[in-house]
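Have a look at the structure below, then the notes.
The values are calculated or read from the model by the stated rules, or taken from the named source; none is laboratory data. Keep in mind the model is a prediction, meaning the values are calculated, not measured. Every residue, glycine among them, receives a Cβ derived from its backbone with ideal geometry; neighbour counts consider all protein chains shown. Only protein heavy atoms, including side chains, enter the accessible area calculation; ligands, DNA and RNA are left aside. Shrake-Rupley method; radii C 1.70, N 1.55, O 1.52, S 1.80 Å.
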Amino acid sequence: MFRDLRDFLAFLDQSGDIFHIWEELSPVQEIAGMIKLLNKKIGSVVFFHRVKGYNIPVVANLLGSEKLLSLAFNTSKDLGEEYLARRKTLLKPLIVKDAPVKDIIIRNNIDIMATLPVLTHHSKDIGPYITSGLTVAKHPETGYHRMGLHRIRIRDKDSFSIVIASPGMSKIVQKAEEKGVGLEIAVVIGLDPMTFFSSVAFAPEGVDKYELAGALRGGPLEITKAESIDLEVPARAEFILEGRLISSLKE
């Protein structure tokens, strides 16, 4: 079981499945263009060590091939059979106080783009997008957690736009709005591969995605209380943005 993204990357580095790039590249189109090119040519994970304007690296293509997915599952068995076998036994998450994701907490003067190297992918994009950040929320009545992979556009220093169209998450948004409040959400970046994979795996309404993540990981997912919202978040994520979804509420 890989406890976090760093654990998985160390494993991939030992197996020779990471392509390291040490040249400084811009987060505006250059990195995205290199990701697209290398995905076609080599199909391995790409680690960009030097991002212009930041001291934070960028990692891409973590689950971009059947081989990488097999490595993430840490199995040589048929992936379909392994996936179906694991998801039969859901595991409740483990709440912890000592969470690595809280090593650095920014509460004031929040500036997303000054902190994170969010990529601009194409010349005609309206702006930079987070493309591999998981949106996490919990049902306002039952409390079960959902996770989804949604494209997120950074609008200004401390706000972003997100379209939530998947049935499981959109129902939670609807329930929150029926109560007259904006849904509290977290955008989670940098997770162990099975938690990331579980965000897009099918789960019937009422099934907690954190429990599904535990089943696929082979061990309970460690979660911790968010700092500014009533939500539990993965304790070993690299970054978490906390906020409230208000775009569709009437003023």
(Q) I need the per residue convex hull volume for the chain, using only the alpha carbons, in cubic angstrom as a whole number. (A) 136 Å³
Q) With charges set only on the Cβ (+1 for Lys and Arg, -1 for Asp and Glu), what does the dipole of the chain come to about its Cα centre, in debye to the nearest 20? A) 340 debye
Q: For region 165-240, compute Rh as the Kirkwood radius over C-alpha pairs and then the Stokes-Einstein diffusion coefficient at 10 °C and 1.306 mPa s; write the answer in µm²/s, rounded to an integer.
A: 118 µm²/s
Q: Return the single residue from Leu90, Leu38, Leu119 with maximal mean-square fluctuation; model: Gaussian network over the chain, springs between Cα atoms under 10 Å.
A: Leu38
Q | Lysine pairs within region 1-125, Cα separation less than 30 Å, 8 or more sequence positions apart or different chains | A | 21
Q.
Give the average over all directions of the projected area of the C-alpha convex hull of region 1-142, one decimal, in nm².
A. 12.2 nm²
Q.
Can you compute 3J(HN,Hα) from phi for each residue in region 129-143, using the Karplus curve 6.51 cos²θ - 1.76 cosθ + 1.60 with θ = phi - 60°, rounded to whole Hz and x for Gly and Pro?
A. 10, 8, 9, 10, x, 8, 8, 10, 8, 10, 4, x, 9, 8, x
Q: Would you please name the chymotrypsin sites (Phe, Trp or Tyr not before Pro) within region 106-210 that are DSSP coil residues with at most 16 other C-beta atoms within 10 Å of their C-beta?
A: Phe202
Q.
Restricting to Cα pairs below 8 Å that are 6+ residues apart, what does the relative contact order work out to for the chain? Please round to a whole percent.
A. 22 percent
**Q.** region 76-221 - convex hull of alpha carbons, volume per residue in Å³
**A.** 160 Å³
Q) Counting other Cβ atoms within 10 Å, which GluC sites (Glu not before Pro) in region 1-99 have at most 14 and lie in a DSSP loop? A) Glu23, Glu24
Q) In Å², what does the accessible area per residue of region 51-135 work out to with a 1.4 Å probe? A) 64 Å²
Q.
If each DSSP helix of 4+ residues adds -39,500 (n - 2.57) and the sum is divided by the residues in the chain, what number results at 222 nm, nearest 500 deg cm²/dmol?
A. -8000 deg cm²/dmol
Q) Once amide H atoms are placed 1.01 Å from N in the peptide plane, what residues at a sequence separation of 5 or more from Phe160, or on another chain, have their amide H within under 5 Å of its amide H? A) Arg155
Q.
Below 14 angstrom from the Cβ of His139, what's the summed charge of the other residues (Lys, Arg +1; Asp, Glu -1)?
A. -3
Q. Can you pull out the trypsin sites (Lys or Arg not before Pro) in region 41-115 that DSSP calls coil and that have at most 11 other Cβ atoms within 10 Å?
A. Lys77, Lys88, Lys97, Arg107
Q: Step through the residues of region 111-121 one at a time and calculate ³J(HN,Hα) from phi using the Karplus curve (6.51 cos²θ - 1.76 cosθ + 1.60, θ = phi - 60°), rounding each to whole Hz and writing x for Gly and Pro.
A: 9, 4, 5, 6, 9, 10, x, 6, 7, 9, 8
